[in-house]
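Since the structure comes first, as structure tokens, the remarks are kept for the end.
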Amino acid sequence: MILTRGLSALGIAALCVAAGLMGAPAVAGEPTETAQIVLPSSLPIARDGWVTDAAALFTPDQRHQIERRLVALQAATGREAIVVTVPSLDGQDIAGYASELGDRWAVGAPGAEGIVILLAPREQLVRIAVGQGLAAAIPDDDCQAIIDTLMLPQFRNGLFEAGLVAGIAELEGRL
């Protein structure tokens, strides 16, 4: 499947920026070399509720805390958000991967008002992808600020749950 700007429900144009979990953040809003990407016809993971932890980053208790925060976001805003960890992107672009997850799993459908938070620890990348229906409410600069100020400082200390919970709470506040 070929994705280009504006074609997918989570649309690459509406994706928030990626940042290195341990390194310097990417610049918000800059076009990437991967605006047109080819993804496999089937992703190697299956959705597992609010939190799909394919990289096994969370204890059951941590997963429960993240799920509680995601449920609270949906109850307060009516918008769906999910967290996904993958052991590796296997050479795929994180923006396209997050967009494909959102599309295939119909996150935020109808209305493309979903959020996918994707962590790829092997590549040390995180991405907040918002659906086109939320792009005005949560622009790229806001996603970058959430990643930089709330998530990455926690991630750098190995506190993935704390970073995610803080980021999700901030996303909820912006909706």
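Read the figures in this text as sums done on the coordinates, not as results from a lab. This is a predicted model, so every value here is computed, not measured. Cβ placement follows ideal geometry from the backbone for every residue including glycine, while neighbour counts extend to all protein chains displayed.
Could you let me know the centre-to-centre spacing of segment 114-163 and segment 48-102, using Cα atoms, in angstrom? Segment 114-163 and segment 48-102 have Cα centres spaced 11 Å from each other. The order of the peptides 163-171, 63-71 by mean Cβ neighbours within 10 Å, most packed first, is 163-171, 63-71.
Where a ≥ b ≥ c are the square roots of the eigenvalues of the C-alpha gyration tensor, would you call segment 107-175 rounded, which needs a/c under 1.5, or, failing that, prolate if a/b is larger than b/c, or oblate? It is prolate, given that a/c is not under 1.5 and a/b is the larger ratio. Local charge for Val51 was computed over the other residues whose Cβ lies under 15 Å away, with Lys and Arg +1 and Asp and Glu -1, and equals -2. The string of couplings for segment 130-140 from the Karplus curve (6.51, -1.76, 1.60, θ = phi - 60°) is 10, x, 4, x, 10, 4, 6, 6, 10, x, 3 Hz, one whole number per residue in order, with x for Gly and Pro.
Taking only the C-alpha atoms of segment 43-175, the Rg (one decimal) and the largest Cα-Cα distance, Dmax (whole number), read 13.3, 37 Å.
Taking a ≥ b ≥ c as the square roots of the eigenvalues of the alpha-carbon gyration tensor, segment 54-132 is classed oblate because a/c is 1.5 or more while a/b is no larger than b/c. For Gly108, the residues 5 or more places off, or on other chains, whose built amide H falls under 5 Å of its own are Glu80.
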